[in-house]
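The values are calculated or read from the model by the stated rules, or taken from the named source; none is laboratory data. Since we're looking at a predicted model, the values are computed, not measured. All Cβ positions, even for glycine, are placed from backbone atoms using ideal geometry, and neighbour counts span all protein chains on display. These accessible areas exclude ligands, DNA and RNA; they are computed on the full protein's heavy atoms, side chains included. Shrake-Rupley method; radii C 1.70, N 1.55, O 1.52, S 1.80 Å.
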Amino acid sequence: MSKGTILSGMRPTGRLHIGHLSVLENWAGLQDEYKCFFMVADLHSLTTKFDDTADLPNDTRQMVLDWLSVGIDPVKSAVFVQSAVREHAELHLYFSMNAPLTWLERCPTYKDQLAQFEKQGKDITTYGFLGYPLLQAADILVYLADTVPVGEDQLPHIELTREIARRFNFLYKTDLFPEPKALLGRFPLVPGVDGRKMSKSYGNDIAISAASDEVKKRVNAMVTDPQRIRREDPGHPEVCIVHKYQEIYNNELLEYVQQACRSAERGCVACKQELLEIVEQMLAPVRERRARYENSSYDDLRQYILNVKENLAGQSNSQANDNDNDNGKDNERLPETVVARFKEFTGTRREKNYLREIGQSIIDDYMAGVFSESDIRDLLDAKLDLVSLILVKGGQRARLKARDTIKKVREAMNLKY
Ligand code: SF4
């Protein structure tokens, strides 16, 4: 039985780096115990990058590929894009009517971030930026999530969410919203290969999806002990970035690494080689999974839809029916309907060619009753790409829950017409 409902998300930043791995592995581990909603927080990215949206679609895709490659299972969890579920924005608006301004102004990150952006020459003193913790509260509460996995720096925002829930329940005499609790995780801070904060913009990151030769280049570029000039010089592991990584990824042998370094028993080349092997071992299965999602075939798409159906059927019959609400019409199984759907499809030449290739398989599946008309519509809407299809289906699942909450919110607020 599920322990509760979890909502978590990340701003779409494109390819993630290995510093994000522990957070994602934590998410992946929660999927068996909780009902999980994992959100690409694109509306949040607008609070600071409202004037720079050109990369949003590709950044979203790359980040979702990283999530999937680390083990986020889109059949178990709803993986979706925040702006595709408009109920987040609606609930944010309702909360903004009764949230005192002082609650938002006192958020510890608010003034810090304003100052940081000001130093970079960017003015983000906007209505949206001030209100983003309120949007976070809406993100969580629209799924009636009772648990939120966070790092310590996010605790004030969870506290604000609890206050918002409490205030709404009090004002409208309801017990609709739970007061969500933080599920605190301690995640090691992985430095960049030059010792600064790991960041794509500094060029000092190791991407989760990096190819072997790129990983090798990065590990070789790691800063070691600057006082260790010759192989026989004793080392000082405490100032070495390779050692910091050994501490995170090779902790069982750390004592030996330190002793061998200090006594010059081991050289930096061997130490880096060992680290490279550890990182490679960690990333190999991730790369393999990523490639499967990235180069999806019709068989993958088909299998994904079948898995989702099976999963939904296991959860609840009524929910499954909601998700597939034109099954009734499908009983007629008119091939012309499917062909008409194909004609509606507007895509690139490559997509159309792909569609032609697999068209007969789709029609066969439809005629055999494996696929419904709505399955075909989803495939076409998602432009026959597995990641897009996952986001379409994830959005549907998230919307079902969010709509139900909004209905209850409107009832509680007497918004009847
Ligand atoms: S032996 Fe390893 S820990 Fe010691 S300085 Fe060289 S790379 Fe760093």
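Per the 1.4 Å probe, what fraction of the accessible area of region 66-131, in percent, lies on carbon and sulfur atoms?
Details: 1830 of 3270 Å².
Its accessible area is 56 percent carbon and sulfur atoms.
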Residue by residue through region 146-161, which ³J(HN,Hα) values in whole Hz follow from phi under the Karplus form 6.51 cos²θ - 1.76 cosθ + 1.60 (θ = phi - 60°), with glycine and proline marked x? 10, 9, 9, x, 9, x, 4, 5, 8, 4, x, 6, 5, 4, 5, 4
Would you mind checking the tilt of helix 21-30 against the longest principal axis of the Cα atoms of the chain, expressed as 0 to 90 degrees and rounded to 10? 40
For the chain, longest principal axis from Cα atoms; helix 56-70 axis from its Cα atoms; angle between them, nearest 10 degrees, is 70
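As an exercise, find the ratio Rg/Rh for region 43-134 from alpha-carbon atoms, using the Kirkwood inverse-distance average for Rh.
Checking Rg against Rh, the ratio lands at 1.03.
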P(r) histogram, all alpha-carbon pairs of the chain included - 20 Å bins from 0, percent: 22, 49, 25, 3, 0
Most fluctuating of Leu68, Leu254, Leu30 in the GNM of the chain (C-alpha, under 10 Å) is Leu254
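Sort Trp27, Trp103 by heavy-atom solvent-accessible area, probe 1.4 angstrom, most to least.
Details: Trp27 5, Trp103 45 Å².
These residues rank, largest area first, as Trp103, Trp27.
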Thinking of region 96-143 as a set of Cα atoms, what percent of all their pairs are more than 15 Å apart? 48
Among the lysines, select those whose C-alpha is under 27 Å from the C-alpha of Lys272, and discard any that sit fewer than 8 residues away in the same chain. Lys197, Lys200, Lys216, Lys217, Lys244
In Å, descending, principal axis extents of the Cα set of region 331-417: 52, 30, 21
Extension gain (nm, one decimal) between Met1 and Leu415, 0.36 nm per residue minus Cα-Cα: 145.5 nm
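What FRET efficiency, computed as 1/(1 + (r/R0)^6) with R0 = 35 Å and r the Cβ-Cβ distance, is obtained for Lys173 and Val339, rounded to the nearest 0.05? Walk me through the numbers on the way to the answer.
Working: r = 54 Å, r/R0 = 1.55.
FRET efficiency, Lys173 to Val339: 0.05.
Mind ordering 360-372, 226-238 by average Cβ neighbours within 10 Å, highest first? Could the numbers behind the result be given before it?
Details: 360-372: 15.9, 226-238: 12.8.
With the highest mean Cβ count within 10 Å placed first, the list reads 360-372, 226-238.
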Once you list every other residue whose beta carbon is under 15 Å from the beta carbon of Met1, what net charge do they have if Lys and Arg are +1 and Asp and Glu are -1? 0
So which residue, out of Lys122, Lys383, Lys200, gets the largest mean-square fluctuation from a GNM of the chain using Cα contacts under 10 Å as springs? Lys122
Considering only Leu21, Leu176, Leu334, give the residue with the highest GNM mean-square fluctuation for the chain, with springs between Cα atoms whenever their separation is below 10 Å. Leu334
Name the lysines eligible as straight-distance cross-link partners of Lys309: C-alpha to C-alpha under 28 Å, and not fewer than 8 places from it in the same chain. Lys3, Lys35, Lys76, Lys329, Lys343, Lys352, Lys383, Lys393, Lys401, Lys407, Lys408
Non-local amide H neighbours of Gly9 (under 5 Å, H modeled in plane, Pro and chain starts lacking H): which ones? Met39
Hey, what do the phi angles of region 343-360 turn into as Karplus ³J(HN,Hα) couplings, whole Hz, using 6.51/-1.76/1.60 and θ = phi - 60°, x for Gly and Pro? 5, 5, 5, 10, x, 6, 4, 4, 5, 5, 5, 4, 4, 4, 4, 9, x, 5
